[in-house]
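Input: a single structure, listed below in structure tokens.
Read the figures in this text as sums done on the coordinates, not as results from a lab. On a predicted model such as this, the values are computed, not experimentally measured, just so you know. Quick reminder, even Gly has a Cβ in these numbers, built from the backbone with ideal geometry, and neighbours come from all protein chains shown.
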Amino acid sequence: MNYIQYMPTKVITGNECVVNNSNLFKSLGKKALIVTGTHSAKANGSEQDVKSALDAQEIEYVVFDKVMSNPTISCVYEGASVAKANGADFVIAIGGGSPMDAGKAIALLAAQDIDEESLFSGQYENKVLPMAFIPTTAGTGSEVTQYSILTNDRAQTKTSIATEILFPTVAFLDPKYMEKLGVTTTINTAIDALSHAVEGMLSVKASTITNALASESIRMIMSCVPKMKKALEFSLSAQFDLQDREQLLQASFMAGVVIAQTGTTAVHAMGYSLTYFKDIDHGRANGILLGEYLKLVEKEQPELSKRIIGAMSLSSVDELIRITNELFGEKEKITAEEFDKYSKMAIQTRNIVNCVVKPTEENIKEMFTKSFL
Ligand code: NAP
Ligand code: FE
């Protein structure tokens, strides 16, 4: 098996790891741009911890807290101009995948002039601001990937800036920031991570090491499913204790390491249209589609689907579909014409080339339809 394994991000885990390792910020620069969303980083204490760590090291900072979910291109250009106007020489991103992905694009755009037309070209100079990332959801794994996924209105989808220079310099993983993360976001993000691990195993770039990480990540996420169901039943995120939060954060980090090498496959390719056109949350979109893609894999590569279902400790793909149906409840109404349009878009993506089991456009339409029955 020939493969390359490259993941240059230093990862620091554990309780109070931001404040306890404040010295690390010193090596990143003299003035930080803190990139985050509008609200959660203030409520969960992560923004205050970062500020305390920077104060302890006498490092100046400016806050850009305007990142919305599914960040837009104009948001990251605005963030980059705030960085430049204030002389920030490194970026600290705090939040879910949205602020982290925005943080990467901002770090790139603050270091080099790239016009909007060339933003997704893959042709960049080797210049980017150093980055420290603090995930506050356990889902995207963006803290250890080289992808920045932005809402691309021109292409009417979500498009990824993918370049090795976007790996964050350092990531701090502290589960305490997720103690009050709501039930829906906890489930959506956990299933996004599950989808990363599964798709990693279904990628033509899967390797011995990514398969090992993916299997363990799948096992860790699936062992939290009973708590997810309970939390849904009682609408109570307190079902998840700090140990569960830590487990989900580790699993999502591992799945991030996987997709940094393997990329994602048909599920993400299809999910992007659901998010762009129907505003369906990224993790929910993937979770609704995952079972039907595994059904196709089961038909064409039964051994492969068996390995994945085995890692889930389930007996069949149907059992997984029953679980995701339970977790995601009533589905959105989408017409056959809309599925037609989304299928035409999905079949053209790089993610499809990346699939061991490559669906046809007809397969994709059928998977969309069955997933939303
Ligand atoms: P998100 O859009 O970052 O956050 C969702 C919501 O959760 C926001 O309202 C946020 O509030 C809130 N939130 C975040 N942390 C919280 C906490 N600890 N407690 C309470 N609320 C909290 O969601 P996400 O699912 O993590 O990220 C999705 C994005 O990541 C998508 O754009 C997707 O395309 C991308 N993605 C990237 C990769 C990659 O490799 N780079 C992989 C998969 C997905 P605030 O807005 O107030 O912060
Ligand atoms: Fe994802």
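Counting pairs of Cα atoms in segment 244-369, how many percent are more than 21 Å apart? The calculated P(r) of segment 244-369 puts 42 percent of pairs beyond 21 Å. Among Gly263, Gly95, Gly14, determine the one that fluctuates most according to a GNM of the chain built with springs between C-alpha atoms less than 10 Å apart. Comparing Gly263, Gly95, Gly14 in a Gaussian network model of the chain, the most mobile one is Gly14. Each Cα pair under 8 Å and six or more residues apart adds its separation to the average, and for segment 10-177 the resulting relative contact order is 28 percent.
Couplings 3J(HN,Hα) of segment 242-255, computed from phi: 4, 5, 5, 4, 5, 4, 5, 5, 5, 5, 6, 4, 5, 5 Hz, in residue order, whole Hz [Karplus 6.51 cos²θ - 1.76 cosθ + 1.60, θ = phi - 60°; x for Gly and Pro]. Here the spin labels are modelled as points 7 Å beyond Cα on the Cα-Cβ line, and at Ser316 and Arg154 they lie 4.8 nm apart. A viscosity of 0.692 mPa s and a temperature of 37 °C, combined with the Kirkwood radius over C-alpha pairs in the Stokes-Einstein formula, give segment 42-148 a diffusion coefficient of 231 µm²/s.
Over 29 Å apart at the Cα level, from the set Lys42/Lys370; Lys30/Lys66; Lys295/Lys341; Lys42/Lys227; Lys10/Lys358; Lys176/Lys295, are Lys42/Lys370; Lys10/Lys358; Lys176/Lys295.
Subtracting the Cα-Cα distance of Val62 and Lys306 from their residue separation scaled by 0.36 nm leaves 82.8 nm.
Fewest first, what order do Phe372, Phe172, Phe240, Phe90 take by the number of other Cβ atoms within 10 Å?
Taking fewest neighbouring Cβ atoms as first place, the list is Phe372, Phe90, Phe240, Phe172.
For segment 216-274, compute Rg over Rh where Rg is the Cα radius of gyration and Rh is the Kirkwood radius from the inverse mean 1/r over Cα pairs. Present the calculation step by step, with values, prior to reporting the outcome.
Details: Rg = 13.8 Å, Rh = 13.0 Å.
Ratio value, two decimals: 1.06.
With Cα atoms as the point set, the chain shows a radius of gyration and Dmax of 19.7, 59 Å.
Once C-alpha pairs closer than 8 Å and six or more residues apart are averaged by separation and normalised to the residue number of the chain, the relative contact order reads 16 percent. Extension gain, Thr72 to Lys341, is 94.6 nm, computed as 0.36 nm per intervening residue step minus the present C-alpha separation. The slack in the chain from Gln348 to Ser118, taken as 0.36 nm per residue of separation less the alpha-carbon distance, amounts to 80.8 nm. Fraction of C-alpha pairs exceeding 20 angstrom in segment 146-204: 52 percent, rounded to a whole number. Separation of segment 92-130 and segment 271-329 by C-alpha centroid, Å? After rounding, the separation between the Cα centres reads 31 Å. When the alpha carbon gyration tensor of segment 2-88 is reduced to an equivalent ellipsoid, the three semi-axes, largest first, read 22, 20, 15 Å.
The mean sequence distance of close C-alpha pairs (under 8 Å, at least 6 residues apart), as a share of the length of segment 182-371, puts its relative contact order at 29 percent. Pairs of C-alpha atoms in segment 243-292 farther apart than 15 Å represent 56 percent of all such pairs.
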